């Protein structure tokens with residue numbers, strides 16, 4: 001049977017759908033990020049300018065202190081420090097003036113003039129001091145400088161208050177802007193959610209319809225009805241390969257039955273012994289056919305996945321092949337191990353297969369860290385206890401996050417116990433949500449084969465006691481599940 005190579009694989013379609021969703025989310029995130037970044041940049045610049053303005057007040061006070069110390073001690077080092085501080089003051093005033101406009105610009109110019117007057121009077125005090133003018137005149141000059149310092153500080157404080165008022169006004173305006181844009185963000189989020197739902201419904205119908213047709217006919221074949229019709233559904237992906245394989249199988253079975261019936265009609269005219277031999281041969285063929293039919297139903301899904309895997313290899317889609325193989329391993333393990341005993345090594349293999357699939361989905365968005373002690377890998381445990389917890393951490397803890405997520409799985413030998421930790425840095429849970437989960441542990445039943453966290457925790461409690469597992473979570477910081485398995489357990493692990 002010659003099979004046409006799919007032109008548009010499921011992988012390509014999934015990538016297209018995800019790209020549409022991701023692109024929409026990126027646009028919204030970029031829009032919000034740009035607005036906040038612009039706000040923070042402006043506020044940071046305004047605050048720095050206010051700090052520089054306040055520095056001028058400090059510099060003026062230091063200048064006065066230096067000249068006062070010089071008059072009292074006569075130490076020339078104070079004059080040197082005064083000159084350095086005066087240079088810094090001029091630099092700060094120049095910097096303040098460069099960004100000033102309107103009234104603020106004229107106030108800065110007025111302050112510069114007062115600083116020049118301040119410096120001239122200080123120079124006169126130095127000359128008088130060196131000429132040994134009477135101290136009473138020098139202290140009168142100091143008093144004038146002190147008043148001038150107060151005028152300078154008052155003007156600078158006025159500028160500082162104006163700057164702080166501008167910052168508050170800008171902040172209030174930004175809050176109003178955010179409030180006005182909030183409804184827009186809600187609308188965009190609603191549109192994206194609607195788009196995601198429409199894409200999900202469309203894609204699920206696209207896959208489920210042919211699969212439903214296939215399953216219905218397989219059930220009829222398994223029941224012995226070989227008169228089933230072929231499936232008349234055409235797609236351009238791997239599903240078409242599965243349908244063509246099924247149609248080919250049904251056609252061949254019908255041809256085989258027709259051939260057997262034709263031979264039976266011809267050979268009925270032969271000798272009785274020949275007829276008996278023919279009947280025996282026919283019965284044998286029918287038995288073999290029924291045996292094959294009984295094998296089709298439970299293994300068809302895995303055979304089909306192997307066909308898709310082989311096709312992916314032919315296409316050169318190595319990642320698709322590996323993902324299908326990992327998914328097949330998980331399904332086989334789930335069917336085989338759900339009600340059987342297992343080991344930590346078996347559990348870890350399935351977790352690694354599941355993490356491979358999730359890594360292909362999330363890429364670098366989520367990081368997985370495994371810290372495994374090989375000495376306890378053969379420890380017997382109930383089947384399917386790790387993968388559901390890891391899946392829960394990814395879906396409910398890490399998937400809602402926009403930042404990089406981290407999932408850590410560690411298995412350690414603690415002498416008398418085996419310690420298993422599954423920790424994520426996801427969205428976490430509130431105390432109320434955590435209480436609901438703990439309450440549901442006591443209500444969990446085994447009727448559902450989709451094992452959730454409550455089911456796993458309940459089975460661990462029944463097998464190892466109430467303290468075997470513990471869930472800790474902090475809202476906004478992540479969740480940690482700790483499992484303590486005693487080594488000296490005498491009860492048989494199921």
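The values are calculated or read from the model by the stated rules, or taken from the named source; none is laboratory data. Nothing here was measured: the structure is a model prediction, and the numbers come from that model. Using ideal geometry, Cβ is built from the backbone for each residue, glycine included, and neighbour counts are taken over all protein chains shown.
Quick look at the values:
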{"quantity": "Answer from 440, 392, 450 - the residue that is in contact with a helix residue (DSSP H, G or I) (Cβ under 8 Å, 6 or more places away or on another chain), modelled with pLDDT under 90 and either surrounded by fewer than 19 Cβ atoms within 10 Å (Cβ to Cβ) or assigned to a helix (DSSP H, G or I) (or both)", "calculated": "440"}
{"quantity": "Complete set of residues in the range 355-389 that are in a strand (DSSP E or B), within 27 Å of the chain's Cα centre (by Cα), surrounded by 14 or more Cβ atoms within 10 Å (Cβ to Cβ) and touching a residue at least 40 places away in the same chain (Cβ under 8 Å)", "calculated": "366, 367, 368"}
{"quantity": "Residue that is nearest to the chain's Cα centre (by Cα) [pool: residues in the range 44-61 that are surrounded by fewer than 16 Cβ atoms within 10 Å (Cβ to Cβ) and more than 18 Å from residue 167 (Cβ to Cβ)]", "calculated": "58"}
{"quantity": "Meets criteria (without any contact (Cβ under 8 Å) to a residue 60 or more places away in the chain and either touching a helix residue (DSSP H, G or I) at 6+ places or on another chain (Cβ under 6 Å) or farther than 30 Å from residue 192 by Cβ (or both)) for residue 121", "calculated": "yes"}
{"quantity": "Residue check, residue 179 assigned by TED's automatic domain parsing to the domain that holds residue 47 and either modelled with pLDDT of 80 or more or part of a helix (DSSP H, G or I) (or both)", "calculated": "yes"}
{"quantity": "Lone qualifier among 245, 281, 287 - being modelled with pLDDT under 70, in a helix (DSSP H, G or I) and surrounded by 14 or more Cβ atoms within 10 Å (Cβ to Cβ)", "calculated": "281"}
{"quantity": "The range 63-74, residues that are on the phi < 0 side of the Ramachandran plot and either in a loop (DSSP other than H, G, I, E, B) or buried (at least 16 other Cβ atoms within 10 Å of the Cβ) (or both)", "calculated": "63, 64, 66, 67, 68, 69, 70, 71"}
